[in-house]
Amino acid sequence: MAEAVRHSIDSGEHLAVQAGTGTGKSLAYLVPALRHAVAEGATVVISTATIALQTQLVERDLPRLATALSGALGRAPTFAILKGRRNYVCLNRLHGNAPEEPETSELFDPFAASALERQVKRVREWSSETETGDRDDLVPGVSDQVWRRVSVTAKECLGAHRCPVGADCFAERARGEAGRADVVVTNHALLAIDALDDRPVLPEHDVVVVDEAHELVDRVTSASTGELSASAIKLAARRCGRAVDQEIADRLDEAGDGLELILTDARPGRLDELPRDLSGALSSVRDAAAACTTALGAERREDTEEGTARKLALAVTEEVHDTAVRLIDTFGEEVGERRDVVWTTAEPNRAPTIRIAPLGVGGLLRERLFGQRTTVLTSATLALGGSFDPLAQQWGLPPRQQAQPAADMALDKEPPADSTGPKWSGLDVGSPFEYQRSGILYLARHLPKPGRDGLPAEYLDELTELVRAAGGRTLGLFSSMRAARQASEQLRERLDTPVFCQGEDTTSLLVSSFAEDPRACLFGTLSLWQGVDVPGESLQLVVMDRIPFPRPDDPLASARQQAVDARGGNGFLSVAGTHAALLLSQGAGRLLRSTHDRGVIAVLDPRLATAKYSGFLRASLPPFWTTYDPELVRGALRRLDTSAGTG
Ligand code: SF4
């Protein structure tokens, strides 16, 4: 992998590398990256999806490598971490410039207001001790609502030259350090913003390594998703009210009320046409926001408090305006030509919202990422159904690349068949695990297909028997929170095994309780896998209740599926199939975390054994030994339980 990354950096040909747990993939890209940065005086950006990996890189891998490589490179390489501005506490806001007006609920609830004040005070105390000002270093953390009051977005920031505390600003300091470092570690969101925005937020760099690259499309989609709700519009109106004629701000506030009325009556879901009343409401929001922006005017001589208040108002009002324009304009295009998808949502405890997201991000990545710099993408899961094609297509790279086995290095490969796009190669470096010997994939072919109304009785019986045979030690990954709770309740009644369920405490606490007690089970939704890294005897069975296809009413997935169908492709397989394959593979990846681990992946949904598409999904899973025989699996689990010494 290190050789292939070096070749990619030297040749400018992009590279996708699948590298399983335990391969040491971070070292394999960091070594050539550091060498390139030091030799060329260039900066390499490493992007991650999770804080856990970011921490591992900055606190473990990079410091060790900096020491180990300093002789060979002639000096110790340097590194820094850089996040979005909103991640750092803003000293200007913290010291009272333009404090936020209370949200309506707090106006009526003095307890909520004083709890909020207490938390802001804690952040203020912490700000004088912290070296970084980074929200992730504040333990225990504070709510999003509090953090919004003590931080700013890039657009809300006054700019270091105008800001009275710019010289001490944490975000500016992090940017400065990143600008001088050989390697900058960041997250996919900031990488996406850097690619999307015309103003760069990352230091100039010529190579990007995207680790946890299976998350890239989702993170870029999130960064380019816009939304409008009455609460966002009213916040803009409140902020404008402090800086412009109240009448002008009131118009925006009323436009927010109008939109709320219509969204409350709307059925949540995708919008292929813009209803007339919604169109009218959006136009009112757009015009009222434009009037506020004009009234707020350009930068001028004013004191810091006025300047901060105006900047805060301008940033949110422009955001409201631009989103309203984007929403209205998208319906001006023919359905087949549209690049955005629009939908409305009604979530508990949130104002009804209208959202807009890109149909695909491939074009953007191709132009703004692959077109600008050499990119290495890596993850434990990149080859789905045995090929990099499904993900390459989503990234905007030309298809028809096979995942090369490690022995066949990607160095002198033929260019891709479709060579009109950026050149790239794919490499699968495999895994240190002996999957055939260490794990069993059990497909419960005899069970009924999953239904709509919770877990069928047969699933609960099967799950009970599996957990009983395994003596606990089970991670249950369910397709919904409802199913996870149903399974938890049932198993608590039927067995005396402790069952922890996601949501009953913080995930990290549940995971550590689960890891400490081999007789315990941990149940949650499929998203839970991200927090679970439990090697050893506490985790010997991973159960998944159903193939994790996106919900049929998922607005973005259904629109993407239709768009592929319209182009003559197989929308179901390339959108829903790819989504399910990624999640299945990541879920299954929880089982073996060290070369000594043994265990069973059980999938209760019989479609993984019987459906036409099952071959693609199964080819995305590690090559476990596969069986349909429940008694055989229970026997294997009982033996594992006994040999673990606690059976
Ligand atoms: S420079 Fe921007 S982020 Fe930093 S303290 Fe000033 S306003 Fe806040």
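Scanning the stretch 423-450 for residues that are aliphatic (A, V, I, L, M) and open to solvent by 50 Å² or more (accessible area, probe 1.4 Å) returns no hits. Looking only at residues in the stretch 157-171 that are near the ligand (Cβ under 6 Å from one of its atoms) and modelled with pLDDT of 95 or more, the one that is most open to solvent (accessible area, probe 1.4 Å) is Cys169. Of the strands (runs of 3 or more DSSP E) lying entirely inside the stretch 1-89, the ones with 2 or more residues being open to solvent by less than 10 Å² (accessible area, probe 1.4 Å), of a type in the set (S, T, N, Q) and closer than 21 Å to Val429 by Cβ are found at 44-48. Of the residues screened, Gly280 is not one that is part of a helix (DSSP H, G or I), within 16 Å of Arg239 (Cα to Cα) and modelled with pLDDT of 95 or more.
Among the residues of the stretch 348-357, is any within 16 Å of the ligand (Cβ to nearest atom), open to solvent by less than 30 Å² (accessible area, probe 1.4 Å), out of contact with any Gly (no Cβ under 9 Å at 6 or more places or on another chain) and touching a residue at least 24 places away in the same chain (Cβ under 8 Å)? Scanning the stretch 348-357, I find no residue that is within 16 Å of the ligand (Cβ to nearest atom), open to solvent by less than 30 Å² (accessible area, probe 1.4 Å), out of contact with any Gly (no Cβ under 9 Å at 6 or more places or on another chain) and touching a residue at least 24 places away in the same chain (Cβ under 8 Å), so the answer is no.
When the stretch 26-75 is filtered for residues that are among the aliphatic types (A, V, I, L, M), at pLDDT 95 or above and more than 16 Å from Val184 (Cβ to Cβ), the ones remaining, listed by number, are Leu27, Ala28, Val31, Ala39, Ala68, Leu69, Ala72, Leu73.
Would you confirm whether any residue within the stretch 299-320 is farther than 25 Å from Val150 by Cβ and either within 16 Å of the ligand (Cβ to nearest atom) or in contact (Cβ under 8 Å) with a residue 24 or more places away in the chain (or both)? No; the residues of the stretch 299-320 include none that is farther than 25 Å from Val150 by Cβ and either within 16 Å of the ligand (Cβ to nearest atom) or in contact (Cβ under 8 Å) with a residue 24 or more places away in the chain (or both).
Applying a threshold of 7 Å to beta carbon distances and a minimum spacing of six or more residues, or different chains, the list of pairs starting in the stretch 255-282 at a residue that is more than 13 Å from Leu327 (Cβ to Cβ) and ending at one that is surrounded by fewer than 16 Cβ atoms within 10 Å (Cβ to Cβ) reads Pro268/Ala346; Gly269/Asp553; Asp272/Val335.
Based on this model, can you work out whether Arg122 counts as at pLDDT below 90, more than 15 Å from the ligand (Cβ to nearest atom), farther than 22 Å from Leu312 by Cβ and charged (D, E, K, R)? When the stated conditions are applied, Arg122 does not pass them. Of the residues making up the stretch 125-140, those that are away from the ligand (no atom under 16 Å from the Cβ) and either in contact with a His (Cβ under 6 Å, 6 or more places away or on another chain) or over 14 Å from Arg86 (Cβ atoms) (or both) are Glu125, Glu129, Asp137, Val139, Pro140. Only one of the listed residues (Leu259, Leu228, Leu252) is assigned to a helix (DSSP H, G or I), of a type outside the set (S, T, N, Q) and under 16 Å from Thr345 (Cβ atoms). That residue is Leu259.
Name the residues in the stretch 512-530 that are without any contact (Cβ under 8 Å) to a residue 60 or more places away in the chain and open to solvent by 10 Å² or more (accessible area, probe 1.4 Å), would you? Result: Ser512, Ser513, Ala515, Glu516, Asp517, Thr525, Ser527.
Only a single item in (1) farther than 25 Å from Val58 by Cα; (2) modelled with pLDDT of 90 or more; (3) more than 16 Å from the ligand (Cβ to nearest atom); (4) open to solvent by less than 40 Å² (accessible area, probe 1.4 Å) is not met by Val150, and it is number (3). Suppose the filter is crowded, with 22+ Cβ neighbours inside 10 Å and either under 22 Å from Ala559 (Cβ atoms) or aromatic (Phe, Trp, Tyr) (or both); does Leu216 pass it? Judged against the criteria, Leu216 is a match. Here Asp194 meets each of (1) in contact with a Leu (Cβ under 7 Å, 6 or more places away or on another chain); (2) over 30 Å from Val31 (Cβ atoms); (3) part of a helix (DSSP H, G or I) with one exception, condition (2).
Any residue that is touching a Ser or Thr at 6+ places or on another chain (Cβ under 7 Å), open to solvent by 40 Å² or more (accessible area, probe 1.4 Å), in a helix (DSSP H, G or I) and away from the ligand (no atom under 16 Å from the Cβ) - is there at least one of those in the stretch 284-295? Within the stretch 284-295, none of the residues are touching a Ser or Thr at 6+ places or on another chain (Cβ under 7 Å), open to solvent by 40 Å² or more (accessible area, probe 1.4 Å), in a helix (DSSP H, G or I) and away from the ligand (no atom under 16 Å from the Cβ). For the subset of the stretch 177-190 comprising residues that are part of a helix (DSSP H, G or I) and open to solvent by less than 10 Å² (accessible area, probe 1.4 Å), which member is nearest to the ligand (Cβ to nearest atom)? Checked the stretch 177-190; the qualifying residue nearest to the ligand (Cβ to nearest atom) is Ala178.
With respect to the conditions (1) open to solvent by 10 Å² or more (accessible area, probe 1.4 Å); (2) within 21 Å of Tyr459 (Cβ to Cβ), Ala557 lacks only one, and its number is (2). A Cβ distance below 7 Å, combined with a sequence gap of six or more or placement on separate chains, defines the contacts here; from the stretch 76-90, residues that are touching a residue at least 12 places away in the same chain (Cβ under 8 Å) reach residues that are in a loop (DSSP other than H, G, I, E, B) and more than 11 Å from the ligand (Cβ to nearest atom) in the pairs Pro77/Asp182; Thr78/Ala181; Thr78/Asp182; Phe79/Ala181; Phe79/Asp182; Ala80/Ala181; Leu82/Leu202.
Of all the listed residues (Ala236, Ala223, Ala195, Ala174), the sole one being farther than 24 Å from Glu302 by Cβ, away from the ligand (no atom under 16 Å from the Cβ), buried (at least 18 other Cβ atoms within 10 Å of the Cβ) and touching a residue at least 60 places away in the same chain (Cβ under 8 Å) is Ala195. Scanning the stretch 321-347 for residues that are part of a loop (DSSP other than H, G, I, E, B) and within 23 Å of the chain's Cα centre (by Cα), we see that the one that is nearest to the ligand (Cβ to nearest atom) is Glu347.
The values are calculated or read from the model by the stated rules, or taken from the named source; none is laboratory data. The shown structure was predicted, so the numbers you read here are calculated from the model rather than taken from an experiment. Cβ sites come from the backbone with ideal geometry, for glycine too, and all protein chains shown count toward neighbours. Quick note on the areas: whole protein, heavy atoms, side chains included, nothing else; ligands and nucleic acids left out. Shrake-Rupley method; radii C 1.70, N 1.55, O 1.52, S 1.80 Å.
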